Amino acid sequence: MNNVVGRIYPIVMYVVMLFLLFRIWKTAQMNKKNRVVIDAVKLIDIKDDFFTYIDTQLEQLQEPIYIEKLKVLKFWGKAYHDEMDNFIELMNSIDMTKLVVLKKNGVSINEHEDSFFYMLLSIPNILYGKGRVEERHQLEKYMDEMKEVLDHQLSFDIAKNAKKYYDEVEDKGQVFFEKVMEGDYGEYVYNKSMISIYKNICNALLHKLYLATDNPKQEETKEMISSFNQSGVGNRFLKNLNLVIEENNEEENSEEVVEETQVEKEEAKEE
């Protein structure tokens, strides 16, 4: 018996070692590809460099997930720089289903929620700020086709209520935004690392609504506005709402929204 165990033990240890080496290699590869995404975001204000970098990476990358993530960023860049040539064509080429992960309890966008953030919240906000109503509606319709997957996602319902604000319909999303700010979002699925940005977006839209009606609650929302404005993602979002804060620090967070929203398996699990 001891002889058998003695022969099997080295084999088991060898297999375990190979598994651990594979995990280390896979994590390194993932970090490298995540860095490509982060580096792309950091170039957003340098138009030619941004698009050149994205196109170069799209030619080199082979993994479908990261190809789609970069296409999402290119789409974001098109909106940001108001480049409407082939805008809808690029949108239709993006396959967001490749960023949906099948899990035991159903499907999840948790691992790539940063890309959904752009498609659901950031790009519609940019298009709103630039008065691109038709393009915004087409994007909203495109993402609504994923309703079955996105149902119960906090980001999806924020997007639906942001649309009410942009289109000036119903209550402009006020009741929903107040509900989120009160912490009443337990029925939703979201990535833990995203909740701060989601709440800042709801707060910003609420602030605009309070300003429009001279609601004294605007003083309660003002502090978060100033803080949100210190990040690149926040500053851009607020500008598209025509909320310019004078004390803005022009130096952006170097890692931008990708690091603010990037999903790490160890840190970000669905609520």
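All of the numbers you see were taken from the coordinates with simple rules; none came from a lab. Please read all numbers here as calculations on a predicted model, not as lab measurements. For neighbour counting, all protein chains shown are included, and Cβ atoms are generated from backbone atoms with ideal geometry for every residue, glycine included.
Taking other residues whose beta carbon is less than 13 angstrom from the beta carbon of Val133, and scoring Lys, Arg as +1 and Asp, Glu as -1, yields 0.
Once you have a ≥ b ≥ c as the square roots of the Cα gyration tensor eigenvalues for segment 75-173, tell me rounded if a/c is under 1.5, and otherwise prolate or oblate according to whether a/b is larger than b/c. Verdict is oblate for segment 75-173.
Here segment 33-127 yields Rg over Rh of 0.96, to two decimals, using C-alpha coordinates and the Kirkwood radius. Using Cα centres only, tell me the gap between segment 98-170 and segment 181-200 in whole Å. Rounded to whole Å, the Cα centres lie 15 Å apart. Scanning residues 5 or more positions from Val189 or on other chains, those with amide H under 5 Å from its amide H are Gln153, Leu154, with H placed 1.01 Å from N in the peptide plane.
Size of segment 130-173: Rg and Dmax of its alpha carbons, in Å, are 10.8, 30. Across segment 71-261 the C-alpha pair distances fall into 5 Å bins from zero in the proportions 1, 7, 17, 20, 22, 17, 10, 4, 1, 0 percent.
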